[in-house]
Amino acid sequence: MNEHVTDHLSAYIDDDLDAATRAGVERHLRTCQDCAEDLDEMRRLVAHAGGLAARDVPPSRDLWPGIAARIASPNVAEFRARPERRARVISFSVMQLAAAAVLLIPVSGAPAWFLRGSIATTPAAAPAPTIQAEIEPRAAADAIRPVNFADAQYDAAVADLERALEERRNDLNPRTVEILERNLKLIDAAIAQARQALEEDPGNAYLNRHLVESRKRKLDLLRRATAISEAD
Amino acid sequence: MENAKVAQGDDVALAAAGDTAAFERVYRAHVARVHGLARRMAGPEAADELTQDVFVRAWQKLGTFRGDASFATWLHRLAVNVIIERFRSLGTQRDRFLADGEEMLERMSSPRPSGDFRMDFDSALARLPQAARNVFLLHDVEGYKHHEIGSLLGISAGTSKSQLHRARGLMRTHLERRV
């Protein structure tokens, strides 16, 4: 291959040449300084391009206000995809529970397992609770609005669940109740600590997330406990 | 780092459920990447608006994110789709012009080199024909494979390869003129 191989250099870098062509390019590169320099330049170009994304910086002006305004508009909200989910457990029909349920992430299945009378040593392996009743997802979504985990709606949902669970306390296995209460105490302690720390540092993002997560865990535990106590 | 990922995952889940404060945190975590992509693909004048479009679309589509890929990967692909859609909706007038008169345009519009490699790189990039630029950016900058680029752009993997080689060659030609 005596002609310059400039047109093959890009494919050569990507190892995208057949064996014969590649061998010819390599032979040529050993004797042609111009093409060897072209190859180096091409490699520098590709290397520079590959590092660009890592150096991205935020835009010079804050775009969030415009985004916030648009996502708040009815037009955008109307066409918002709802989270894909299976039919949800609604084992007692307070509106707060429906509102809370739509936000819940299955953080752990451990409480459900405890309540079935099993002593869990590996909470992460616990099965999800049995689905008892279905509500039509669209209807449920229409009936609820997002819950702020720091607002009164959350507190009302927790209070309802605690009341319902208390009413069924005697129907549950004492060992189950003991484990449930121990877990609730742990979560309550975590919530109290996060609240105390937030009083001193209200803007701390980590603490805020920790509080939200702890409250979600409590709500989830109560919801699952209630669902299973009703199923028993 | 792991804690940050978990926290971001929580924010994505909360945002999917309608929490706009969590979505703002998601925005802040990813805006640089999305804006950089938009700026490179569509130019600085369109980058702000496209970035906003991407996050509005992400807000609408968050419910379909199931965690099969990382959220960053999901968002990046969505951003590419939004930007490509914009190109399509604007029509192909500029592309046709560049395809038909590329060489003439090259001769007429070759700018003076600035001597700054980054600026000259951006300038060379901006002068690539749209199709070649898209492939170059998606492959060499964003790290997509040719079959993925083919899927995103509606072209074959072979066409993606040939556009890439063409784009690299043009970039080298543009950059050679800088000194």
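The calculated FRET efficiency for the pair residue A:79 and residue A:27, based on their C-beta separation and a Förster distance of 56 Å, comes to about 0.40. Neighbouring Cβ atoms from other chains, within 10 Å of the Cβ of residues in B:58-69, number 3 on average. Residues A:211, A:29, B:14, ranked from the fewest to the most other C-beta atoms within 10 Å, line up as A:29, A:211, B:14. Taken residue by residue and averaged, Cβ atoms of other chains lying within 10 Å of the Cβ of B:127-134 number 0.
If r is the Cβ-Cβ distance from residue A:48 to residue B:68 and R0 is 22 Å, what FRET efficiency results, to the nearest 0.05? Working from the Cβ atoms, E equals 0.10. Going from the fewest other Cβ atoms within 10 Å to the most, the residues A:209, A:195 appear in the order A:195, A:209.
In terms of other Cβ atoms within 10 Å, B:27, A:154 run from fewest to most in the order A:154, B:27.
Computed on the stretch B:11-66, with alpha-carbon pairs under 8 angstrom and 6+ residues apart, the relative contact order is 34 percent. Remark: mean inter-chain Cβ contacts per residue of B:9-16 equal 4, using a 10 Å Cβ-Cβ cutoff to other protein chain atoms. Taking label points 7 Å from Cα along the Cα-to-Cβ direction, residue A:60 and residue A:197 give a separation of 3.9 nm.
The lysines whose alpha-carbon is closer than 30 Å to the alpha-carbon of residue B:145, local same-chain residues fewer than 8 away aside, are B:5, B:61, B:161.
Every number here is computed from the coordinates shown, using simple stated rules; none is lab data. The shown structure was predicted, so the numbers you read here are calculated from the model rather than taken from an experiment. Backbone-built Cβ (ideal geometry, glycine too); neighbour counts: all protein chains shown.
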